[in-house]
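Taken together, the values in this text are just the output of simple stated rules run on the coordinates, not laboratory data. Treat the numbers as computed from the prediction; the structure is a model and nothing was measured. Cβ atoms come from the backbone with ideal geometry, glycine included; neighbour counts cover every protein chain shown.
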Amino acid sequence: MAVSAENMSNAVVRPKLSRDDWIMRGAMMVIAAFLLVAVVLPLYSMMSKSMENKDGEFIGLTNFYEYFSTPSLFLSGINSLWIAALVTVIVLFTSFVYAYALTRTCMPFKWFFRLVAVIPLLTPSLLSGVSLVYWFGNQGVAKELLMGESIYGPIGIVIGSAYWVFPHALMIVITALSITDARLYEAAAALRTSAVRTFFTVTLPGCKYGLISAGFVIFILVFTDFGVPKVIGGNFNMLATDIYKQVIGQQNFQMGAVVSVVLLVPAVIAFAVDRRVQKKQVALLSARAVPLEPKANRRIDMAMLAFCSLVAALILLMIGMAQYAALIKFWPYNLTFTLHNYNFDLANGGGWDAYFNSVKMASYTAIFGTVIVFFGAYLLEKGRGFNVGRSIFHGVAMLPLAVPGMVLGLSYIFFFNSPSNPFNFIYGTMTILVVSTIAHFYTVSHLTAVTALKQMDAEFESVAASLKTPFYKTFFKVTVPVCLPATMDILIYLFLNAMTTVSAVVFIYSTDTQLASVLNMDDQGELAFAAAMAMMIAYTCAGARILHMLLTRGIMRSSQAWRTR
C-alpha cells in the first residue's frame, strides 16, 4: 500500500543511535545501578524491616502502633520537632543579619567575618558538644551563667546545633542577598519610600526563596543530627539518639527501623516542599540590571559590626575552648599545657588509627566520588534522547538529599549485612564507608556538576559529533578542562564532609575501620582526648581547604586563561 506524502511528513523520524550514544546510555545505567545499590535498595530493606517482627515475619504496622503508643519513644519525636523549629528560627535570623552585613553594608573587616563564619564547617558536630561541656558542664568555667539550669539537655542541644548549622544557612542567604537589582532601590528612593518599607517590599521579597531554602536546610540538619544530642543531650531523648539506643543499646533492629522511618518522613516532606517552592522562583536579574553597591551609613555599619563581632566571638569561643581543652593536662585540677592529649594511642576509642582511617576514607570519597558524580552529571546533561531514563536517573540522584545520615547508615546494616546479598563482602570494610559517604553527599555534588555543565553550549557536542570525534575525547579535552573549577569544588566538598561526618557512618564502621569523627573517646569518658581528636580533624580540614585554594588559583592561572579578557 502506498503511503501518502502527508502521512510521511507527519511521521516521526527517529535519529539512528551511534556507538557513542549506546556507550553513554550504558555508562549512565552503571552509575544508576550504583545509586540503586547505595541508596534505593538499602532504604527498601529498612522499610521492610520496620514491618517485621524479630523472627522476620511480616506484621504490617504493628511496630508503628507500638512506637506511637510508647510515651517515651513518641516524646522523642516531639522533642526533635520543637528543637529543630527553635534552632531554625534562631539561626535563620542570625544568618540573615550576618549575611546582610556582609553584602549590603560598608562594615569594615568583612574578610575576617567571612573567614570566621566557615570555621564550624571544618569540625564534626560533636565538637560543639564537647566545647559546651567545658564551658557549662558540671565543672565548666561559666556554668554560673546558666543560673542553675543544666547544659545537658535542650539548652545544650540548641546552642550546639545553632553553632554547627550556622555556616550552612549563611552560604545560602549570602547567595540570595548578593543577587539584586539596584534600580529597585533607586526607584524606592525616588518615591521617598522609608527604609523600613523598602526593606519589607524590596529586600525581603527579593531573597524570600533563599530564606525558605535556608530554613528547610537548618530544620533537616538539626532534626536528623546525631552528634550534638549524643554528647550534650543527657537524658533528653531525640529521634536520632533513639535510633542509636534501639540498635546499639537494645539490639532492637525492628524498632530502630521504625524510628528511622519516623525520622525520614519529616525530612522528605521538608525536602519536597522546598523543591516545590523553588520552582516558583523567578529571575531577579535581567540583562539591564544594575549591580547594587552598598552606601556607607555609619550608624547601620557600626550596628552591624557589633552584631557580627558578637556572633564571631561566640564561634571563636566555641572552637577556642575545644583547643584549650585539648592542651590542658587534667581539667580542672591541673591547667598546665601539654601535648599529652594528642597521644591518642593512650586512649580508648581508636587511637591514631581512627584518625588515619578518616583521612583515607575522606580521600577515597573525594577521588572516587568526584569521578562518579561528575561523569554521571555529564551523561545526564550531555546525553541525547533517552529522556525517560535520564529523568529517572536525575530523580534517584536527588533522593540522598532527603535521606538523613542515620537512616542511610541503619539501612546499610539491613541490606549489606544480609548473607544472601552478593555485596555482603564489603560489610565491615573501608569500602562500605566510602560508598555510604558518597551516597550521603551525592546530591549537592551532582547539582554543582549539573550547574557547571549547563553553562557549556550544546554546540560543543554537536560539532564533535559532526566531526565524528568520540565523546570521550570531547569529554577529556573540552568538558573536563572547562569545568575544572567546579570539579575542584566537588572534590573539597566531599573531602570535608567525609572528614566530619558522624551520622552516616556511626552504624557501619568496624573495629578495623573506626573513624575520628565519631569521637569514641567521649563514650569512654576521655573528653580531653576527644577534644584533641576534634581539633585534629579541624587542622586537617583547614589544611585541605588551604591546599584547595592554592591549587584552584594555580589551575585558574594555568588552564583557565580564557575566562579573562
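Between their Cα atoms, which of Lys143/Lys208; Lys208/Lys477; Lys208/Lys454; Lys230/Lys454 are more than 31 Å away from each other?
Checking Cα-Cα distances, Lys143/Lys208; Lys208/Lys477; Lys230/Lys454 exceed 31 Å.
The stretch 113-162: percent of C-alpha pairs farther apart than 15 Å?
Taking all Cα-Cα pairs of the stretch 113-162, the fraction more than 15 Å apart is 47 percent.
Placing +1 at every Lys and Arg Cβ and -1 at every Asp and Glu Cβ, with all other atoms neutral, what dipole size does the chain have around its Cα centre, in debye to the nearest 20?
2220 debye
So for the chain, what are the equivalent ellipsoid semi-axes in whole Å, largest first, each being the square root of 5 times an eigenvalue of the Cα gyration tensor?
Equivalent ellipsoid of the chain: 40, 34, 25 Å, largest first.
Using a 10 angstrom Cβ neighbour count of at most 14 plus a DSSP loop assignment to flag exposed chymotrypsin sites (Phe, Trp or Tyr not before Pro), which longest range of the chain is free of such sites?
Result for the longest clean stretch: 334-565.
Based on the Cα atoms of the stretch 284-433, what semi-axes does the equivalent ellipsoid have, where each is the square root of 5 times one gyration tensor eigenvalue, given in whole Å with the largest first?
They are 40, 37, 13 Å, listed from largest to smallest.
Using all alpha carbons of the stretch 211-276, what is the percent of pairwise distances in each 10 Å bin, ordered from the shortest bin to the longest?
Bin by bin from 0 Å, the calculated values are 21, 44, 27, 7, 0.
At 222 nm, what helix-only mean residue ellipticity would the chain give, in deg cm²/dmol to the nearest 500, using -39500 (n - 2.57) for each DSSP H run of four or more?
-21000 deg cm²/dmol
Among the helices of the chain (complete DSSP H runs), which have Cα atoms covering no less than 27 Å along the helix axis and a Kyte-Doolittle mean of at least 0.0?
71-104, 154-178, 204-224, 253-279, 298-326, 351-382, 527-559
Among all stretches of the chain without exposed GluC sites (Glu not before Pro) (DSSP loop, at most 13 other Cβ atoms within 10 Å), which one is longest?
150-565
With Kirkwood's inverse mean 1/r over C-alpha pairs for Rh, give me the Rg to Rh ratio of the stretch 499-553, two decimals please.
Rg/Rh: 1.08.
Taking the Cα centre of each part, how many Å lie between the stretch 406-442 and the stretch 27-53?
10 Å
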